1. Return the equivalent ellipsoid semi-axes of segment B:1-126 as a descending list in whole Å, where each equals the square root of 5 times an eigenvalue of the C-alpha gyration tensor.
2. Sorting B:R409, B:R2 on the 10 Å Cβ count, fewest up front, what's the list?
3. Once the label point is set 7 Å along the Cα-to-beta-carbon vector, what list of distances in nm do you get between B:E186 and its counterparts in the other copies?
4. If you line up the long axis of helix B:10-19 against the longest principal axis of chain B, both from Cα atoms, how many degrees apart are they, to the nearest 10?
5. Where does each of A:T106, B:T88 land when they are ranked from fewest to most other beta-carbon atoms within 10 angstrom?
6. May I ask for the longest run of chain A untouched by GluC sites (Glu not before Pro) that are loop-located per DSSP and have at most 10 neighbouring C-beta atoms (other than their own) within 10 Å?
7. Counting only C-alpha contacts under 8 Å and six or more residues apart, can you give the relative contact order of segment A:3-154 as a whole percent?
8. Counting only other residues whose beta carbon sits under 10 Å from that of A:I329, what net charge do I get with K and R as +1, D and E as -1?
2 protein chains.
Amino acid sequence: MRVIILGGGFGGMKAAMGLDNKKGFDVLLIDRFNYHQFQPLFYQVATAGLDASNISFPLRKAFHNSRNVRIRIAEVIEILPHNKTVVTSSGEYAYDLLIIAMGADTNFFGNEQIARYAWPMKSTVEALKLRHHIIQNFERALEEQDEEQLKDLLTVVIVGGGPTGVELAGAIAEMRNWVLPKDYPELDFSKMRIFLVEGLDKVLAVMSEKSSERSTRYLDELGIKVITKAMVQDYDGEVLTFKDGRKIHTSTVIWAAGIKGNIPFGIPDSSVLKGNRIIVNEFNEVKDIPGIYAIGDIAYMETREYPKGHPQVAPVALEQGKLLCRNLIRQMNNEPLKPFVYHDKGVMATVGRHRAVADLPKPPLHIGGFMAWFAWLALHLFQIVGVKNRIFVFVNWIYHYFTFDQSLRLIFREFNTPADLVRERKSAKDKKPSAGSSRDVI
Amino acid sequence: MRVIILGGGFGGMKAAMGLDNKKGFDVLLIDRFNYHQFQPLFYQVATAGLDASNISFPLRKAFHNSRNVRIRIAEVIEILPHNKTVVTSSGEYAYDLLIIAMGADTNFFGNEQIARYAWPMKSTVEALKLRHHIIQNFERALEEQDEEQLKDLLTVVIVGGGPTGVELAGAIAEMRNWVLPKDYPELDFSKMRIFLVEGLDKVLAVMSEKSSERSTRYLDELGIKVITKAMVQDYDGEVLTFKDGRKIHTSTVIWAAGIKGNIPFGIPDSSVLKGNRIIVNEFNEVKDIPGIYAIGDIAYMETREYPKGHPQVAPVALEQGKLLCRNLIRQMNNEPLKPFVYHDKGVMATVGRHRAVADLPKPPLHIGGFMAWFAWLALHLFQIVGVKNRIFVFVNWIYHYFTFDQSLRLIFREFNTPADLVRERKSAKDKKPSAGSSRDVI
């Protein structure tokens, strides 16, 4: 039985591990990167707290001892369900069973200008780029003579008040409070502004009322300006405009406001739901296409407990990957399949360097502060793939905790030196007229 | 006294530290990167043994507690000695004293084609690019149907049999022997060939006869083919040609065959020697330009002990940086200056995972094998800047030693995914006729 798994994230990796060295299965795992990414810590890579390698695990290494799992680093171009073939940038591969675990990417809701100028953070490489941009901005600020331009460079706007936005805002605020004034003694960081923008009436709306309120207080104490009930209309690289006409002048907008599934070509429209999710039954079988399964963020499964689909979080992907493999083995042995039942693990989010909020489902429990933060640390450390990664993350965290220092403020650009970028920026500036004299209302 | 230091390498960093918080000096340290690079371990970054961040130290962090040292991340465009001004990509800066510590870059000896297709390794970013290329090559090899093309992909040529070339060759051989067959079970690594090419009649010619012979034996035992007395004529991305007409077909040529000083514009020709080195007296004052000093790899100083100039190695740069600062302070206090006298620390090179060769000057001692390797480890660990870097390098080394595993085989490309590159390569291949049927003689 030839099984192809598309994507080496939480779901795909778990599925491949579930079929590892299982008789009767030949597995091909295809990903565009050669490593598994630990998404929950992207924000720490972006804020120079962790190295990209600390949260990445080489896919090939994960299957060193496998007799039946092979890896291909390639981009998926198209699925041909009638030929049971996947077309990739490194050739075509035939399958008997296909597991789509391609996850989700940033959703800019069709606004191309925002997609161009705002920073997404849905891959390790994007997190690295964001890190470089943030550091580079302060280098530029040192040369800026114009007061208004300087203000723009020292303004960071994070759009999206979910866990990602909240955690990122907290980490940037800690940088401002502890590290940046030492790195750039010439700059006045009391002028630095961090905005967290949310369309709903509160941040962390997925969590309990209590946790949402707590996190709002924590954010406030960190000096983060939370703006709720604000819909972003546009961002042109200089001015962020809200639907109600308000504006913020800023050189940094980070977009954590939505995701959409990475649907490959070849999946019929009838199998795809709004938000780019593939409709599956409780065995993760894709609607209308036999032999194809979808798991994780990209899958949309309605059950009695979750009539509006499951949350797009790592535990769902992990559990679906695990169950699917067991069902495939059951199928091969002509045993009855088991439907998916999600056991909610709860939701957590850190806010700054020693506080977090957590909602635990059974018994319903809402904890906050240092204890929640400590639980968050332990849980994430435990989940990271690879013993060495765990050690390195642990040492990094201990180090930061006692030194208040994110020490990875390094710009390793492959193709441009920082100076090239400065020069580019300058020549661009010379050509372009200023954004005008009407300043922001925020 | 306004002092500008160009370059944050061994020499420039030491000079800045020597003037740190010294009364009467205002120091501006200018570098194109925002970190100090520990050059002796570039080869371990290139072979996925260490993270780039492990051997990099943020310049700003190094001077967190400084009242008089400021940093600018910028490219030096020109020096105007008559105006006592440095023109950079981030503006112009006036100086009273200028210290040039811009080091050396790869010397392709004017061959533009080699410069285009061969991989240099004289910066952290270049080491990262080389790492990505090496890994990417094996991914490409998986798809290669053509036997000859596959052979080219599995052939690595390192040009230059100095310490850098020898250490790199050893590290690549260890990868082939221990890691790559597990990562790519589909490939036959007995077919992988590693060549080390040297123009002189032996490798490590800068070292003693005994160390050179020892290292040749170690290289041989690692399965590295050493080619001596071979001058490279050209490399077009597919075929490396020697002056005597011999050829090697290969997709990877690493160039460690020479360096040249990074002379900035504005230094008069009369002050520059062949090999792009700036002529200085024994106080590191540049010939013909008062108020300008040069230290480290870029400086050429003749003394009684070193009538042909000093070796271009880290200890010389460090000692010159240290002495220069002390002399500047003496000058300010109207005390007599001290001339530079180099205390030779000896030369070492590792060959593979547990052997090295070392020449110690006093008493003349030539050690090899495990003991030399252990000394090499301890010395380098001690020299790395930053306590955390030291811990991380140490943990990485311990880990590799016991697992035989370079675990950082991660491709973090900023602008291209691996698949983009494969696609590029493919479309390039389709357009280009094959290299012809005459195969290599080596």
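1. So the equivalent ellipsoid measures 28, 20, 10 Å along its semi-axes.
2. Neighbour counts put them in this order, fewest first: B:R2, B:R409.
3. 5.3
4. Compared with the principal axis, the helix lies near 30 degrees.
5. Starting with the residue having the fewest Cβ neighbours, the order is A:T106, B:T88.
6. A:1-185
7. Averaging sequence separation for qualifying contacts and normalising by length gives 26 percent for segment A:3-154.
8. Summing Lys/Arg as +1 and Asp/Glu as -1 gives +3.
All of the numbers you see were taken from the coordinates with simple rules; none came from a lab. Every value quoted in this text rests on a predicted model; they were computed, and no experiment measured them. Cβ coordinates were reconstructed from backbone atoms using ideal geometry, including for glycine residues, and neighbour counts include every protein chain displayed.
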